[in-house]
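J.: Structure incoming, see below.
The values are calculated or read from the model by the stated rules, or taken from the named source; none is laboratory data. It should be emphasised that the depicted structure is a prediction, and the values quoted were computed from it without experimental measurement. Cβ sites come from the backbone with ideal geometry, for glycine too, and all protein chains shown count toward neighbours.
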Amino acid sequence: MTPLPAFWSVHDVSPATIDRAAGLVERLERAGIAPLTMLVVPAGDWPEAAVEQLRAWAATGHLLAAHGWTHQAAARRTLGHRIHGFLLSRDAAEHLSRSEEEVESIVERSASWFTANGLPAPRLYAPPAWARGALPDRQFHDLGFDLIETLTGIAETATGKRRLLPLAGFEADTRFRAISVRVLNAGNLALARLSKRPIRIAVHPDDDRLLLSRQLEAWMTRRWKPLLPTNFRK
């Protein structure tokens, strides 16, 4: 079977998860799944060894992307945020229930952290829980980002051009989430094959401890053609 193009990403890389993320990256690399996109949450006390691990990933071809600042949402002030939190994000959608100015501050602070720590300036911004909030594409571009990833796909910030891309993941800590995510994974994998579009595959550092760990292992044995979002136009 022809390898399926896929954007594999490791989410929520932070001081608290860096060791588990490194173990996951090693497993993915051994399975031939590389390069990867590493979604980094900058807030917190980063030991120099952890920052050096980010530098090493970048040097070996993995893409470092900005993933909010704290990955923690504000109080759910809007109805949309309450629904989003109940169905998908819980308390992770950092951009929701915030003004455009507040979101811009989060994005700018996140971008600045990379260069301040001697890391490549991130070209991709992935809002926590894929919830972009009130900030328009052009503002992400003005803050240095070429691409933004949302729940439906990837957009070029300079032009607003969007590419709809199926999404799969394995973060399921309740039976309801496990059933729902398994169904969505099957549907989006079929959609990727039928549409001949790359599929985005999101992995979190604790996924191998959760209810879909076996499905994650099974997907790692499939034949993939790993891509980076910076190959967006190809």
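J.: Quick one: count up the residues across the stretch 92-129 that are in contact with a Phe, Trp or Tyr (Cβ under 6 Å, 6 or more places away or on another chain) and farther than 19 Å from His62 by Cα.
T.: 2
J.: Show me the strands (runs of 3 or more DSSP E) found entirely inside the stretch 101-205 where at least 2 residues are modelled with pLDDT of 95 or more and surrounded by fewer than 14 Cβ atoms within 10 Å (Cβ to Cβ). Even if it seems obvious, please write down each step before you answer.
T.: Details: elements: 147-149, 153-156, 162-164, 167-169, 199-203.
Once the strands (runs of 3 or more DSSP E) in the stretch 101-205 are filtered for at least 2 residues that are modelled with pLDDT of 95 or more and surrounded by fewer than 14 Cβ atoms within 10 Å (Cβ to Cβ), nothing remains.
J.: Something else now. Go through (1) modelled with pLDDT of 95 or more; (2) exposed (fewer than 12 other Cβ atoms within 10 Å of the Cβ) one by one and return the number of the condition Arg233 breaks.
T.: Failed condition: (1).
J.: For the stretch 206-234, name all the residues that are assigned to a helix (DSSP H, G or I), in contact (Cβ under 8 Å) with a residue 12 or more places away in the chain and more than 28 Å from Arg123 (Cα to Cα). Spell out the reasoning first.
T.: Of the stretch 206-234, the ones assigned to a helix (DSSP H, G or I) are 207-209, 213-220, 229-231.
Imposing the further condition that a residue be in contact (Cβ under 8 Å) with a residue 12 or more places away in the chain reduces the set to 207-208, 213, 215-216, 219-220, 229-230.
Within the stretch 206-234, Asp208, Ser213, Gln215 meet the criteria.
J.: Since Arg177 meets every condition but one in (1) more than 25 Å from Ser14 (Cβ to Cβ); (2) among the basic types (Lys, Arg); (3) out of contact with any helix residue (DSSP H, G or I) (no Cβ under 7 Å at 6 or more places or on another chain), which condition does it not meet?
T.: Failing condition for Arg177: (1).
J.: Examine the stretch 70-91 for a residue that is at pLDDT 95 or above, closer than 27 Å to Gly144 by Cβ, surrounded by fewer than 18 Cβ atoms within 10 Å (Cβ to Cβ) and out of contact with any Ser or Thr (no Cβ under 7 Å at 6 or more places or on another chain), and state whether such a residue exists.
T.: Our first condition is that a residue be at pLDDT 95 or above; within the stretch 70-91, this holds for none.
Taking every residue of the stretch 70-91 in turn, none turns out to be at pLDDT 95 or above, closer than 27 Å to Gly144 by Cβ, surrounded by fewer than 18 Cβ atoms within 10 Å (Cβ to Cβ) and out of contact with any Ser or Thr (no Cβ under 7 Å at 6 or more places or on another chain).
J.: While we're on this one: Among the residues of the stretch 2-25, write down those that are touching an Asp or Glu at 6+ places or on another chain (Cβ under 9 Å), farther than 15 Å from Pro128 by Cβ and buried (at least 17 other Cβ atoms within 10 Å of the Cβ).
T.: Listed by number, the residues that qualify are Phe7, Arg20, Ala21, Leu24.
J.: Let me ask something else about it. Among the residues of the stretch 190-204, which ones are within 19 Å of Thr37 (Cα to Cα) and out of contact with any strand residue (DSSP E or B) (no Cβ under 6 Å at 6 or more places or on another chain)?
T.: Answer for the stretch 190-204, where residues must be within 19 Å of Thr37 (Cα to Cα) and out of contact with any strand residue (DSSP E or B) (no Cβ under 6 Å at 6 or more places or on another chain): just Arg197.
J.: Pick out the one residue from Ala190, Ala186, Ala172, Ala129 that is aliphatic (A, V, I, L, M) and on the phi > 0 side of the Ramachandran plot. Can you show your working first?
T.: Working: Ala190 fails: on the phi > 0 side of the Ramachandran plot; Ala186 fails: on the phi > 0 side of the Ramachandran plot; Ala172 fails: on the phi > 0 side of the Ramachandran plot.
Just a single option satisfies the conditions, and that option is Ala129.
J.: Looking only at the stretch 56-70, which residues are in a loop (DSSP other than H, G, I, E, B) and of a type outside the set (Gly, Ala, Ser)? Reasoning before the result, please.
T.: Residues of the stretch 56-70 that are in a loop (DSSP other than H, G, I, E, B), as a first pass: 60-62, 67-70.
Answer for the stretch 56-70, where residues must be in a loop (DSSP other than H, G, I, E, B) and of a type outside the set (Gly, Ala, Ser): Thr60, His62, His67, Trp69, Thr70.
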